[in-house]
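Structure record follows, encoded as structure tokens.
Values quoted throughout were computed directly from the atomic coordinates according to the rules given, and no laboratory measurement underlies them. None of these values were measured; they are calculated from a predicted model. Here the Cβ positions follow ideal geometry from the backbone for every residue, glycine too, while neighbour counts run over all protein chains shown.
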Amino acid sequence: MQYFPLFTDLNQRRVIVVGGGEVAERKVELMLRANPLLTLIAPELSPRLQALQQAQALDWRQQSLSLESEPSWHADARLVVMATNDARLNREWALRLEAQGVLVNVVDDPDACNVITPAMVDRGKLLVAISSAGAAPVLASQLRAEIEQSLPASSAELMEFVAGRREQVKQALPANRRAEFWRQFFALNGRGFSKNTQANFDRTMAEDKALNAGELWLMDAEIEPNLLPIAALEVLAKLDCVISVLPLNGALNDWVRRDASRVTEMSESTIENELSVGKRLLFITDEQQLKFLKERFSQARTIQTGQISPSS
């Protein structure tokens, strides 16, 4: 991983774009979507940037930046975007800015940046960012187009709907079942907002008793994780706890939900208690203990290579 994906809040933070041409236009229009305090530094502006300045969407400092300019021009900047047509000027100031701990992006020169702007799919609170670290921007653009098609414009409205009901779900369901509630809701509703969204939410909430049923899964410790069926990956992603004497295989550990607990043992009484409050457990152990657990917990299901056992 060359770049770590990290979202930053630019709302009412100072962003400076150096440059006033078409290249700067693209960056300015992108940045304005994050509602920053945006300042342009350029001797003159393109017609589009002039219109934005006249609409008071940004401030304009009418000046030419040079290598001899005083550093005070970026004193309060959270982010600086170098978008001039002078590559040497862009690079030199990028080095100076980085040395002072400023986030800096240089247009069309990823090697000079300490932050880059990815290809984005913007659906309000739902934001998908894709980067190839500058290696294959065309591929990143193609992936963005595919994701754009999979997320309707009404996804933004759906995100607002969901945000407004998170507290209701928090009050109605125990912490370990909320994620599953939302999985069920999105499976029923889809990714967009419609006239049926409220009804879908109400229906999912009404079925919370079914969602609260605990599950016990069993898996032989000798199984090679790469041979597990796709259905098993869905189970692993929903687990609340994994019980295994041995450390989890790297791939298996990646597939298990990150916030699921990992323990080396669990008593029968604790298993019963966990299941009674809707927990989803996976026991990874040897064949002898698996046989005992199957006899002790008749509802237990088994994950095997190629298949998972049906529910009883």
(message) Under the rule of at least 5 residues apart or a separate chain, name every residue whose amide H is placed under 5 Å from the amide H of Leu103.
(response) Val80
(request) Can you check how the C-alpha radius of gyration of region 1-117 compares to 2.2 N^0.38 Å, as a plain ratio? (result) 0.98
(message) List the aspartates and glutamates whose Cα sits under 12 Å from the Cα of Lys125, skipping any in the same chain fewer than 8 residues away.
(response) Glu157, Glu160
(message) For a test of the definition: using alpha carbon positions, the gyration tensor, and the 1.5 limit on a/c, classify region 155-211 as rounded, prolate or oblate.
(response) prolate
(message) Using Cα-Cα distances under 8 Å and only pairs 6 or more residues apart, what relative contact order does region 155-211 have, in percent?
(response) 43 percent
(message) With viscosity set to 0.692 mPa s at 37 °C, what whole-number translational diffusion coefficient in µm²/s follows for region 137-273 from Stokes-Einstein and a Kirkwood radius over Cα pairs?
(response) 184 µm²/s
(request) Within the set of other residues whose C-beta is less than 11 Å from the C-beta of Leu37, count the net charge using Lys and Arg as +1 and Asp and Glu as -1. (result) +1
(request) Determine the sum of side-chain charges near Ala87: Lys and Arg each +1, Asp and Glu each -1, restricted to other residues whose C-beta is under 10 angstrom from that of Ala87. (result) -2
(message) Could you work out [θ]222 nm for the chain from helices alone, using -39500 (n - 2.57) per DSSP H run of at least four and dividing by all its residues? Round to the nearest 500 deg cm²/dmol.
(response) -11500 deg cm²/dmol
(message) Averaging the inverse of every distinct alpha carbon separation and then flipping it gives the Kirkwood radius. What is it for the chain, in angstrom units?
(response) 23.7 Å
(request) Could you tell me which of the pairs Lys170/Lys294; Lys195/Lys279; Lys170/Lys238; Lys238/Lys294 are separated by over 23 angstrom between their Cα atoms in the structure shown? (result) Lys170/Lys294; Lys195/Lys279
(request) If a/c stays under 1.5 just call it rounded; otherwise compare a/b with b/c (prolate if a/b is bigger, oblate if not). Do that for region 234-295, with a ≥ b ≥ c from the square roots of the Cα gyration tensor eigenvalues. (result) oblate
(message) If you restrict to DSSP beta bridges whose two residues both lie in the chain, what percentage is antiparallel, to the nearest 5?
(response) 20 percent
(request) For region 156-172, take each phi angle, set θ = phi - 60°, evaluate the Karplus expression 6.51 cos²θ - 1.76 cosθ + 1.60, and give the result in whole Hz per residue in order, putting x for glycine and proline. (result) 4, 5, 4, 4, 5, 4, 5, 4, x, 10, 5, 5, 4, 5, 4, 6, 8
(request) On a C-alpha basis, how far is the centre of region 21-39 from the centre of region 215-293 in Å? Whole number, if you could? (result) 49 Å
(request) Just rank Lys195, Lys170, fewest to most, by other beta-carbon atoms within 10 angstrom. (result) Lys195, Lys170
(message) Using Cα-Cα distances under 8 Å and only pairs 6 or more residues apart, what relative contact order does the chain have, in percent?
(response) 12 percent
